[in-house]
Amino acid sequence: MARVEVQNVSLTFGAHKAVDDVSIAFEDGGFYALLGPSGSGKTTLLRMIAGFEFPDEGSIRIDGEAVENVPVNRRRIGMVFQNYALFPNMSVEANVAFGLEVRGETGEAVRRAVAEALDLVQLGALAKRRPHQLSGGQRQRVALARAIVTKPRVLLLDEPLSALDKALRTDMQVELKRIQREVGVTTIFVTHDQDEALSISDRIGILKDGRIVQEGAPEEIYDRPKSEFAATFLGEANILSGEVSGGRLQLDATTAIALPQGTNAAPGRLRCAIRPERVRIAAAPTGVNGDRAGQLRGTVVRRLFSGSASTYFVDCTGREMKAIVQRGGGADIVVGSPVALDWDPADLIPLPAA
Amino acid sequence: MATTGTRRQNGLAKALPLLTPAYAWLTLAIFLPLSAMVYFSLLTSMSPSEQSSSLTLANYAAFFSDPLYATLLWRSLQLGLLVTLICVVVGFPAAYVLAKIFKGRAREAIFLLVILPFWSNSLVRVFSWSMVLREGGILDTALNAVLPFEVTFDLMYSFPAVVIGLVHSYLPYMVLTCYLSLQAIDDALIEAARSLGASRFTTLRRVVAPLALPGVLAGSALIFIPVVGSFMEPRILGGRGGTLYGTVIEDQFTAVYNWPLGAALSFILLAVVLAILLVSAPVLRKAA
Amino acid sequence: MIRAPAFLSGLGRFYIGLVLVFLYLPLIIMAAMSFNASPFYQLPFEGTTEWYAALAQNDGLIAATLNSLKIAVMTTILATVLGTAASLALFRYEFRGKRVLQALLFPPIAIPWLISGTAMLIFFFGTGIGRGLHAILLGHVALALPYVIIVVSARLQTFSKDLEDAAASLGASSWQTTRKVTLPCIAPGIVAGGLFAFAVSFDQFVVSYFLATPGQTTLPVEIYAAIRKGFTPEINAVSTIIIVFSMSLMLVVSRFFRFGGDQ
């Protein structure tokens, strides 16, 4: 178990900068998610920490030891692969024992460690099976047991749940979290699934084009995204842009909205985000001029019903806004109705200029 | 997501120790000999150690001055074409039936049966035809037992015998390559064509045949090339009618001992085969 | 799948039957004749095993058979080891010229054996390597190598690089990874490649023919000489043995390597 420190690391493949001057620290025992779209460099960063790729520049330290030139097999890490990568020629037991055996360990100690690891993932009964006789979730557990049995300094997970179906994935997230807590190993988890990142990790690093856009606790990033990309990639967001004047944001000639109290934005252009679930929606009487109820007015153009909630798409004179209403949170509004949108100005998140 | 590792960049240094033995062997036993053959074809006398040997184009001139060589080469090319054609006509339907009518274990078993002879000794298989084709042989006897009138039937030592032997030798190749590309055609494509109103024949012509073309062409190349250079089959089944370009080359090395001429004739054959492949390369590429 | 009408599929089956008759009839007749007493293949059939008994007395054929087996076994070992090593390198590493190296595997397969054989004869003679069993072995390994590399590489295509990465992440050295993970996973391909190499060598006639010397010869060369001198029923007997032997061998191969089966 150890602290992992990545400093100013860059890696270029041909003309493509896969990872561009990334610095990030993973604290001892923490559960980190690296989140980003495909091609953002998250897997490359993980593979550099693992030792499959070597940075062109920068340093990687595990427990204070510089490892950027240490090959993977001497880094004492554990890794779980997207497609599990279980050795098809070995039983479950032999797969888990592999890491101990190549280190020269034999006999009773190996047997005990393997049994312990399999118990931890609740697969003790299937020790003699072959990988192809297991279900996807079971394979996932074997891969995890195999990765942690060697007591690695850091556990690396490369989209480990993406091959599972949705229900199983949720179960495995809970399971993964429990095992990580029990073992206490520093864990870095690569994913492109924002819900997974939010629900599973202590901290999230968002990557885009080889750079870390924002790093912090899930709530922190969700509530205070520092860029439009962070706001829209982690959760959904309405983006409003306009001119700052007199503590208000002038969206166009006739529409202005209030900025949060204490925003000391300089006059000029500003972009703000507002989460759809923070937007209140109410039916508005048509043709009543001068009624200033609500911040924006518009017409419902579409409604997506998703069981527990409904998403309304509202056209506000050319600007599309989304509002999410929990089921039972008010009467259904039909498509075509005129509506007023409102929110607490404190929920508006000013985004720094890109 | 998939990234090629840096450990695999500049991999030549790591690959060399593993590659060198195999490629050194191929160089010594294939590539250097082929180069030596080109050099040898330009020598005047048989042994390169002899003082009198000097460089000449006489061996190539011999090919062009004596019409016999060109005639025989033409005959060999015709034989190659004929055998290839028969293999396509016979082999493609067989591959189609295997890939699209048979299912499961029956398909696997019959497929194995079709290609099994290919891996047994070709010399012996050619030889086995001599018992079938000769006068008083099995075919002759069987036909006379069935037919009400007397026929004498002696194909042995004739051009048709050579063709039959070669088709027998190379047919499994065509079935194999056609089967591989036919099998890769999704049945849903055939169903889609049929659902759009195409007849069986139109489906075969417009959908299946174009998709299977790479297999047909690969098989044709694999058959045509060795058949043009065949000499053992014509010797065993062709008798006096079996004099072909390949047998003339064989003679230069085993009977006449004019190695430089043999080398020149071999090289001309190689050049002609390569030229044919190059000319058909655009078609092959388009099909692939 | 739109099922073909019964008469069409029946026709298809009948056609396959005809093709199989064409392929197997001469072999069956040859096998039958090897048990026929008449040395001129006269009917009616009269059973005998005297031609097989005569084989036991034919020292030339026995020596040639042993040579063929010896060379085939050595070819198998050499071509499998060298070919597997080359396949691993082509699978694992990226480097300039890789495609050229892969393309170079095809000339030995595609060039008519008549040309390869005569070229080897010229080169080996000119360089003092000479003719004989060592030259035949040299040639056979070169002819078998591309087959081994192609078969083993095909098997490697189904092998995930992640498995090697996983082994390395667990602390295995490059050699441990190769020995404990990669080779066991591709073993069926290696066995199939080896058996292909054996078949290529054991059946090879043309190249052996040009490289053989009177004392140092292989079975197919000896059979060819006998056929050209005139048929003897003994040749039928030995040919039948060869056919049965090679076909059984390939049946074994098919258990390891599915020739474009359903997968």
* Considering only chain A, percent of DSSP beta bridges that pair antiparallel, nearest 5 -> 75 percent
* Between A:351, A:97, B:141, whose Cα lies farthest towards the positive end of the dipole of the protein assembly as shown when Lys and Arg beta carbons carry +1 and Asp and Glu beta carbons carry -1, centred on the Cα centre? -> A:351
* **Along chain C, longest interval not containing exposed GluC sites (Glu not before Pro), exposed being DSSP loop plus at most 16 other Cβ atoms within 10 Å** => C:95-263
* Asked: If we restrict to alpha carbons, what Rg and Dmax does chain C come to, in Å?
  -> 22.7, 73
* Dipole of region C:59-256 (Lys/Arg Cβ +1, Asp/Glu Cβ -1, origin at the Cα centre): which of C:169, C:253, C:218 lies farthest to the positive side? -> C:169
* Asked: If you line up the long axis of helix C:59-92 against the longest principal axis of chain C, both from Cα atoms, how many degrees apart are they, to the nearest 10?
  -> 20 degrees
* To do: Only helical DSSP H runs with n ≥ 4 go in: add -39500 (n - 2.57) per run for chain A, normalise by residue count and round the 222 nm mean residue ellipticity to 500 deg cm²/dmol.
  => -7000 deg cm²/dmol
* Using only the alpha carbons, work out the radius of gyration and Dmax of the protein assembly as shown in angstrom. => 37.1, 119
* Asked: Expressed in whole Å with the largest first, what are the equivalent ellipsoid semi-axes of region C:1-124 derived from the C-alpha gyration tensor as the square root of 5 times each eigenvalue?
  -> 41, 32, 15
* Structure fact -> Expressed to two decimals, region A:1-100 has a Cα Rg over Rh, using the Kirkwood radius, of 1.00
* **Total charge dipole magnitude, chain B, about the Cα centre, Cβ charges on Lys, Arg, Asp, Glu only, Debye to nearest 20** => 1300 debye
* Structure fact -> Hydrophobic long helices for chain B, i.e. whole DSSP H runs reaching 30 angstrom or more by Cα along the axis with Kyte-Doolittle mean at least 1.0, come out as B:67-100, B:159-183, B:259-287
* Asked: Restricting the count to DSSP beta bridges whose residues both fall in the protein assembly as shown, what percent are antiparallel, rounded to a multiple of 5?
  -> 75 percent
* Structure fact -> Within the under-15-Å Cβ sphere about residue B:83, not counting residue B:83, Lys/Arg +1 and Asp/Glu -1 give a net charge of +1
* Normalise the Debye intensity by I(0) for region C:111-191, one equal point scatterer per Cα, no solvent, then take log10 at q = 0.15, 0.16, 0.26, 0.27 Å⁻¹ and round to two decimals. => -0.68, -0.71, -1.17, -1.22
* Are there trypsin sites (Lys or Arg not before Pro) in region B:27-118 that DSSP puts in a loop and that have at most 15 other Cβ atoms within 10 Å, and which ones? -> B:103
* Structure fact -> In degrees rounded to 10, the 0-90 angle between helix A:92-101 Cα long axis and the longest Cα principal axis of chain A is 70 degrees
* Given the alpha-carbon gyration tensor of region A:236-351, what are the semi-axes of its equivalent ellipsoid in whole angstrom, ordered largest first, with each equal to the square root of 5 times an eigenvalue? -> 25, 16, 12
* **Net dipole in debye of chain A [+1 Lys, Arg Cβ; -1 Asp, Glu Cβ; about Cα centre; nearest 20]** => 580 debye
* Cα gyration tensor category, rounded, prolate or oblate, for region B:64-172 with a/c compared to 1.5 -> oblate
* Where Lys and Arg each count +1 and Asp and Glu each count -1, what net charge lies around residue B:198 among other residues with Cβ under 13 Å from its Cβ? -> +3
* Scale the Cα Rg of chain B by the rule-of-thumb value 2.2 N^0.38 Å and send over the ratio, two decimals. => 1.27
* Among C:16, C:227, C:115, whose mean-square fluctuation peaks in a Gaussian network model of chain C (Cα, cutoff 10 Å)? -> C:16
* Structure fact -> GNM of chain C, Cα pairs under 10 angstrom: of C:242, C:122, C:77, the biggest fluctuation goes to C:122
* Asked: So, with +1 on the Cβ of K and R and -1 on the Cβ of D and E, and no other charges, what is the size of the charge dipole of region B:175-288 about its Cα centre, to the nearest 20 debye?
  -> 380 debye
* To do: Calculate, for residue B:154 and residue C:160, the FRET efficiency according to 1/(1 + (r/R0)^6) with r their C-beta to C-beta distance and R0 51 Å; round to the nearest 0.05.
  => 0.25
* So how many Lys-Lys pairs in region A:4-225 land under 28 Å Cα to Cα, not counting same-chain pairs under 8 apart? -> 12
* To do: As a check on your grasp of the helix formula, calculate [θ] at 222 nm for chain B: sum -39500 (n - 2.57) over DSSP H runs of n ≥ 4, divide by the residue count, round to the nearest 500.
  => -22500 deg cm²/dmol
* Asked: Given just the C-alpha atoms of region A:4-225, how large is their convex hull per residue in cubic angstrom?
  -> 123 Å³
* Which angle from 0 to 90°, rounded to the nearest 10, does the C-alpha axis of helix C:233-256 make with the longest principal axis of chain C? -> 20 degrees
* Asked: Of all GluC sites (Glu not before Pro) in region A:168-272, which ones are in loop regions per DSSP and have a Cβ with at most 15 other Cβ atoms within 10 Å?
  -> A:236
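Read-outs throughout are calculated quantities, based only on the coordinates presented, and are distinct from any laboratory measurement. Here the structure is a predicted model, which is why all the values come from computation and not from measurement. No Cβ is skipped: glycine too gets one built from the backbone with ideal geometry, and neighbour counts run over all protein chains shown.
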